[in-house]
Structures are given as structure tokens and as C-alpha cells.
Amino acid sequence: MKITAAVTRQTGGPFTLEQLDIEDPLPGEVRVRILATGICHTDMVMRDRLLPVPQPVVLGHEGAGIVEAVGAGVRKVKAGDAVVISFNTCGTCPACAGATPSYCREFFPRNFFGSRLDGSSGLSQDGTPIHGNIFGQSSFATHALAHERNVVKVQDDVPTALLGPLACGVMTGVGTVTNALKIRAGQSVVVLGAGTVGLSAIMAAKMVGAGRIIAIDPQPARRDMALSLGATDVIDPAGTDTVAAILALTQRVGVDYSIDTTARADVIRSGILMLAPMGECAVVGAIAHGQDIAVDGGHLLSGGRRLRGVVEGDADPETFIPWLVDLYRDGHLPFDRLVHFYSLAEINKAVEASERGQVIKPIILMPGTPMPTL
Ligand SMILES: [Zn+2]
Ligand SMILES: [Zn+2]
């Protein structure tokens with residue numbers, strides 16, 4: 001069948017709206033009519049080929065919609081189910097078996113290679129294949145081919161069109177706090193960068209009763225948003241020694257945890273220097289392979305400090321996304337405050353607004369999707 005998709009044909013963009021053909025779902029696949037999809041910073045990283053994603057390609061990995069057709073053998077969902085689409089994994093390797101599928105051995109081939117594992121794509125134009133299957137979905141389109149394993153059923157008492165960001169950005173921020181670092185009541189945390197991931201971490205830190213929650217971001221509007229969502233302190237890094245500022249706020253001890261969402265090596269270095277003894281720094285932003293981080297070795301050793309990477313908040317989407325929906329419904333996770341809606345025709349405008357920092361989380365509404373009432 002014919003679909004409309006935002007295609008990336010050159011490094012750096014733009015996105016062009018084009019008519020493509022989408023295949024019927026193969027065994028284990030699910031075709032989803034996309035209602036809306038979040039735009040995540042990692043889409044820009046893929047557009048700019050800082051991750052080696054082939055082009056032309058349909059990006060998009062925070063899809064939400066309605067199952068339209070399922071391939072042979074699919075039991076988890078049926079036509080008409082509301083779903084959020086997350087990252088794709090194998091389901092059988094040790095990480096998948098251990099409920100930490102974001103460390104799946106096949107994470108890269110199943111999410112970034114732009115094709116099925118056999119090299120085919122479910123998308124084409126006039127018989128020429130167009131790369132798809134990004135994060136097992138490629139949801140910058142009216143329809144997406146996903147997989148039984150990466151669609152997560154959601155209750156429809158909350159507007160489905162709002163929920164795409166739960167599949168990546170919000171899950172990453174919340175999961176880093178609750179799963180990866182397991183921050184407890186009274187502990188302190190610095191969040192470096194107050195975009196969707198950082199602000200979601202702040203909401204989660206507040207929820208678990210963290211004591212001091214400090215946000216560092218150069219943009220006044222994001223610092224204000226951080227304060228309104230639970231940060232106890234904010235710091236403008238421009239012209240500021242942020243390590244000294246954190247030590248001044250913490251009786252020169254430092255903080256229990258730092259969370260880097262910026263993927264900048266100098267910022268990560270500072271995030272380690274801010275740690276109290278036994279503290280832990282989580283690298284969460286999409287830092288490129290080959291990018292070194294300088295670490296003060298004596299500082300790391302002497303306090304027993306830790307540095308680790310965290311992908312998708314150590315979360316298993318199958319259980320975590322429904323929990324996030326519950327948190328939103330109960331008012332603990334007001335991520336709708338970060339969201340601005342755009343039409344598919346406005347996708348380039350949405351990306352520009354996001355890259356200029358004017359919008360925290362753009363969501364693209366597909367043609368015919370009514371504006372969610374929040
Ligand atoms: Zn796996
Ligand atoms: Zn993402």
C-alpha cells in the first residue's frame with residue numbers, strides 16, 4: 001500500500017515528504033497506522049550520520065498508533081490495538097533474557113542498519129528500496145512496519161498520540177534514575193542538560209524523593225522548566241565553573257549521582273569531578289563511537305567513583321512503558337508539559353525549533369490525527 005513518509009536523502013537533511021510503498025507484514029511483523037511520533041535528538045544524530053545509518057532512509061523512533069495488520073504468528077497484539085513502538089531486540093540473548101534488552105547483542109543491526117536482518121526493506125519507491133526499520137519502526141510516516149517484540153500495548157484512556165516519547169526520551173530519563181542508578185530518598189543528583197531526557201530524570205528524581213536535584217543548562221527557559229518539575233537548584237554553565245558551583249552547594253562533598261545528557265566529553269568530565277566519594281556518573285546522551293572522555297584517574301580511584309553508560313534507562317519497554325503511562329495518569333510524570341505538536345508537513349520546522357532550543361519535545365501528528373486534548 002501507499003504511505004506518506006518524511007525521507008532523509010542527504011546527510012544533515014532536510015526531510016522531504018514522499019509517497020512510498022510499504023509491504024504487508026512478514027511473520028512476526030506488525031503494520032501500525034501511526035497517529036503521532038516524537039522527534040528525538042538521536043534522529044538528528046542519525047540524519048547527520050554521526051551514527052552510520054544508510055540513506056535514503058525514513059527515520060523516527062518514538063511512534064504511537066493503531067495496529068492495522070499483523071504477520072503470521074503474531075499473538076501479542078491484534079488489529080485495532082493502541083501501541084507505542086520502542087527499540088527492537090532479539091529476545092533471546094543474555095541481555096534480553098535478563099530484562100535489560102537495551103544491551104541486546106543485536107541492538108545495532110536491529111535498530112540502526114536501515115533494513116531487516118536479511119538486508120531487505122519493507123519500504124520502496126517505484127520499485128527502488130528505501131531504507132527503513134530504524135529502531136524497528138521508521139515512524140516518520142503515516143504507517144510503519146514494526147515487530148511483535150517492539151510494540152507495546154497501551155490503554156486508550158490516555159491519548160495515544162501523546163505517548164510516543166515514552167518509547168525513548170522519557171523512558172531514558174526516568175529509567176536512568178529508577179533502574180540504572182536506583183536513586184533513593186534523600187540522595188543528591190546533578191542533571192547535565194535539561195532537554196527531554198534530563199527533565200524526565202528530574203521528574204523521576206522528585207518522585208523517588210531525591211534530596212538535592214540540580215539542573216545545569218545554558219537556556220533560561222529550560223532552567224525554569226527544571227525548577228517547575230522538581231529541581232531544587234539550577235546553574236547556568238555559561239562562564240561558570242560548574243564543578244566549583246556544585247561543590248559550593250554541597251559543603252564541598254559533591255553529589256551522589258550525575259547524569260549526562262549532553263554527550264559532550266568536557267561536560268562528562270565535569271560530571272565525574274562533581275561526584276562525592278562512591279558517587280556514580282551515568283553517560284546517557286548519544287556519544288559517538290571513537291569519542292574519548294578524559295577522566296581524572298586519581299579522583300576516580302580515591303573515592304571509589306564510577307562512570308557508566310546507560311542505554312534507554314536500562315528499561316524493558318514491555319513493562320516500563322505501561323508503568324510510565326500509569327505515572328502520567330496519576331500526575332507523577334507531567335511530560336505533556338515538554339511537548340509541542342506539529343503536522344507532518346511542518347516536520348522541518350519542528351526540527352529547527354528543537355535544534356534552536358525553542359521546543360523541548362516536538363511531536364509530529366500524522367494527517368487526520370486530531371490534536372490530543374490534555
Ligand atoms: Zn537480544
Ligand atoms: Zn531516541
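Counting the residues of the range 167-225 that are among the charged types (D, E, K, R) and within 19 Å of ALA286 (Cβ to Cβ) gives 2. Selection of first residues in the range 90-111 that are in contact (Cβ under 8 Å) with a residue 60 or more places away in the chain and of second residues that are of a type in the set (Ser, Thr, Tyr) and more than 16 Å from ligand 2 (Cβ to nearest atom), restricted to Cβ pairs under 9 Å at least 6 apart or on distinct chains, gives the following pairs, ordered by first then second residue: ALA99/THR319.
If we scan the range 341-352, do we find a residue that is within 21 Å of GLY285 (Cα to Cα), of a type outside the set (Ser, Thr, Tyr) and open to solvent by 70 Å² or more (accessible area, probe 1.4 Å)? Even if it seems obvious, please write down each step before you answer.
Within the range 341-352, the subset within 21 Å of GLY285 (Cα to Cα) is 350-352.
Now restrict to residues that are of a type outside the set (Ser, Thr, Tyr): 350-352.
Filter once more, keeping what is open to solvent by 70 Å² or more (accessible area, probe 1.4 Å): 352.
Yes: one or more hits.
Residue count for the range 255-280 satisfying the condition of being open to solvent by less than 10 Å² (accessible area, probe 1.4 Å) and within 15 Å of ARG212 (Cα to Cα): 7. Please work out if THR37 is within 16 Å of ligand 2 (Cβ to nearest atom), under 22 Å from the mean Cα position of the chain (by Cα), in a strand (DSSP E or B) and touching a residue at least 12 places away in the same chain (Cβ under 8 Å). Spelling it out, THR37 is indeed within 16 Å of ligand 2 (Cβ to nearest atom), under 22 Å from the mean Cα position of the chain (by Cα), in a strand (DSSP E or B) and touching a residue at least 12 places away in the same chain (Cβ under 8 Å). Of a type in the set (A, V, I, L, M, F, W, C) and over 27 Å from GLY98 (Cβ atoms): is that true of LEU365 in this structure? Answer is yes for this residue. Only a single criterion out of (1) in contact (Cβ under 8 Å) with a residue 24 or more places away in the chain; (2) open to solvent by less than 20 Å² (accessible area, probe 1.4 Å); (3) not in a loop (DSSP other than H, G, I, E, B) is not satisfied by ARG31, namely (2). Selection within the range 47-69: residues that are under 19 Å from the mean Cα position of the chain (by Cα) and open to solvent by 50 Å² or more (accessible area, probe 1.4 Å). The member of this set that is nearest to ligand 1 (Cβ to nearest atom) is PRO52.
Of all the residues in the range 219-242, those that are open to solvent by 60 Å² or more (accessible area, probe 1.4 Å) and among the hydrophobic types (A, V, I, L, M, F, W, C) number 3.
The values are calculated or read from the model by the stated rules, or taken from the named source; none is laboratory data. No experiment lies behind these values; they were computed from the predicted model shown. In this analysis, Cβ positions are derived from the backbone assuming ideal geometry, glycine residues included, and neighbour counts consider all displayed protein chains. In case anyone asks, the SASA skips ligands and DNA or RNA and just uses the protein heavy atoms, side chains included. Shrake-Rupley method; radii C 1.70, N 1.55, O 1.52, S 1.80 Å.
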